[in-house]
Amino acid sequence: MYGPPGNGKTTVAQAIAKLIAETESIWLPYAVSIGGQIVQIHDLMVHIPFTPPENDMPTARLASSVDKRWGLFQRPSVMVGGELTMDALELRFEPVTKIYEAPLQMKANGGMFLIDDFGRQQISPQQLLNRWIVPLDTRIRLSAPAIRQTLEIPFRQLIVFATNLIQAIWSTPLSCAAFK
């Protein structure tokens, strides 16, 4: 989304996120094991538990019989702005808990990832798009260098870029695959 400051880009993106969250719920694992290491996906700020209505007996019955390592959630919504760094897009080891935290795009799987004020992040737009050009095309991200393993991580979310810096961002040509 592009427009001058204050024209409602963020408000529209938040409304889209709310619409996505209020559609069907999604089953997500709380964590996964990669190469013998635990990667926590669940984030209290992103993953809101979905409680089926009392008259939805099939979902309630299913929820009671599903493996407890999975949870039923509203579709996630991750919103970042100028604070986005390349580190937030990689597995991060937490020395206190001795587990890895999933990158933001992995937490957003099945929902929406808003990059607000695109072009004002601590990484350049070219770095971000170059990093995501293949995952945006294939919907799979191959990596886990932090644990010296290559694996397929789903890359399935609506990605919204909101900016008012169109000329500065697109000063170099980019592949159209980024916009599929």
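Looking only at region 139-159, which residues are outside any loop (DSSP other than H, G, I, E, B) and either modelled with pLDDT of 80 or more or aliphatic (A, V, I, L, M) (or both)?
Residues satisfying the conditions are ILE140, LEU142, ALA146, ILE147, ILE153, PRO154, LEU158, ILE159.
Could you tell me whether PRO76 is touching a Lys or Arg at 6+ places or on another chain (Cβ under 9 Å), crowded, with 18+ Cβ neighbours inside 10 Å and under 25 Å from LEU158 (Cβ atoms)?
When the stated conditions are applied, PRO76 passes them.
For residues in region 42-58 being in contact (Cβ under 8 Å) with a residue 24 or more places away in the chain and over 15 Å from the mean Cα position of the chain (by Cα), which is surrounded by the fewest Cβ atoms within 10 Å (Cβ to Cβ)?
This residue is PRO49.
Do we have TRP70 as among the aromatic types (Phe, Trp, Tyr), surrounded by 14 or more Cβ atoms within 10 Å (Cβ to Cβ) and either in contact with a helix residue (DSSP H, G or I) (Cβ under 7 Å, 6 or more places away or on another chain) or under 21 Å from PHE155 (Cβ atoms) (or both) here?
Considered against the rule, which asks whether it is among the aromatic types (Phe, Trp, Tyr), surrounded by 14 or more Cβ atoms within 10 Å (Cβ to Cβ) and either in contact with a helix residue (DSSP H, G or I) (Cβ under 7 Å, 6 or more places away or on another chain) or under 21 Å from PHE155 (Cβ atoms) (or both), TRP70 comes out as no.
State yes or no: is ILE26 surrounded by 12 or more Cβ atoms within 10 Å (Cβ to Cβ), of a type in the set (Val, Ile, Thr) and at pLDDT 90 or above?
For ILE26, the condition - surrounded by 12 or more Cβ atoms within 10 Å (Cβ to Cβ), of a type in the set (Val, Ile, Thr) and at pLDDT 90 or above - is met.
Between a first residue in region 86-113 that is closer than 11 Å to ILE38 by Cα and a second residue that is of a type in the set (Gly, Ala, Ser) and at pLDDT below 90, which pairs have beta carbons less than 7 Å apart while being 6 or more apart in sequence or on different chains?
Cβ pairs passing all conditions: LEU91/ALA144; LEU91/ALA146; PHE93/ALA146; TYR100/ALA146.
Scan the strands (runs of 3 or more DSSP E) fully inside region 24-138 and keep the ones with 2 or more residues being over 30 Å from ASN164 (Cα atoms).
Those strands (runs of 3 or more DSSP E) span 26-29, 31-34, 37-40, 70-73, 92-94, 99-101.
If you take the residues of region 82-138 that are among the small types (Gly, Ala, Ser) and in contact with a Ser or Thr (Cβ under 6 Å, 6 or more places away or on another chain), which of them is modelled with the highest pLDDT?
Checking each candidate, the answer is GLY111.
The values are calculated or read from the model by the stated rules, or taken from the named source; none is laboratory data. Predicted model only: the values in this text are computed from it and were never measured. Note: ideal-geometry Cβ built from the backbone for every residue, glycine included; neighbour counts use all protein chains shown.
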